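Each reported figure results from applying straightforward, stated rules to the coordinates on display, with no laboratory input. Here the structure is a predicted model, which means the values were calculated and not measured. We place every Cβ from the backbone using ideal geometry, glycine too, and count neighbours over all the protein chains shown.
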Amino acid sequence: MTDTRIIKKYPNRRLYDTEISSYITLEEVRQLVVDGEKFEVRDAKSGEDLTRSVLLQIISEHEDRGQPMFTTQLLSQVIRFYGDSLQGFMGSYLEKSLQVFLDQQQQFRSQLNNIIGRTPWSMLNDMTERNMDTWRSMQQGFLSDAVNKVRQTADSAKPKKESKS
């Protein structure tokens, strides 16, 4: 068995899980994500990687029902980054921000299990202060990366002086 589960997408939009030799639904693909399974969705004919488009489809379906996670304003701001000079930074920024959030969520759950002798509010206050420090540090790192990138771009655009001998 391979490390990465392969799901084939056929022209009729059906998804075939090669590991279990059965057709699966988009909801079952979402469950693979929730369970932390490593998988790829491939076009059955061309072999093209369709994983991102299937994941976006899952997000879209979940945004259409229930309580949306992404506001119209947030989606508009993300769209504005396409074609922007900082587009390359945006993906890694969002990914790292979400990872910090997940780490903090896990830490919060762990601390709630060890609440003996402390009030939830004092714990929340301590965690908020640590989160703010982490957030400031991460923001500073991204700002430094952006400034360095702009400097590199500016330096490479400068005409080179010819030396006279």
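Okay, here's what the table says:
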quantity: Residues of segment 136-160 with amide N under 16 Å of a point placed 7 Å along Cα→Cβ from Ser85; calculated: 143-159
quantity: Dipole in debye (nearest 20) - segment 5-64, about Cα centre, beta carbon charges: Lys, Arg +1; Asp, Glu -1; calculated: 300 debye
quantity: Residues with amide H under 5 Å from that of Ile24, placed H, sequence gap 5 or more; calculated: Leu15, Tyr16, Asp17
quantity: Estimated FRET transfer efficiency (Met123, Gln99; beta-carbon r; R0 22 Å; 0.05); calculated: 0.50
quantity: Within the chain, longest stretch free of exposed chymotrypsin sites (Phe, Trp or Tyr not before Pro) [DSSP loop, at most 14 other beta carbons within 10 Å]; calculated: 83-165
quantity: Computed label-point distance, nm, for sites Ser137 and Gln106 using a 7 Å Cα→Cβ extension; calculated: 1.6 nm
quantity: Net charge dipole size for segment 86-157 [Lys, Arg +1 and Asp, Glu -1 on Cβ; Debye, nearest 20]; calculated: 60 debye
quantity: Interchain or long-range residues, amide H under 5 Å from Leu50's placed H; calculated: Val41, Arg42, Asp43
quantity: Cα-projected label distance for Asp43 with Thr71, points at 7 Å along beta-carbon direction, nm; calculated: 3.8 nm
quantity: Surrounding net charge for Thr71, when Lys and Arg each add one and Asp and Glu each subtract one, Cβ distance under 15 Å; calculated: -1
quantity: Environment charge at Leu32 (Cβ cut-off 12 Å; Lys +1, Arg +1, Asp -1, Glu -1); calculated: -4
quantity: The chain - charge dipole about Cα centre, Lys and Arg +1 at Cβ, Asp and Glu -1, debye rounded to 20; calculated: 700 debye
quantity: Neighbourhood net charge (10 Å Cβ-Cβ; Lys/Arg +1, Asp/Glu -1) for Lys9; calculated: +3
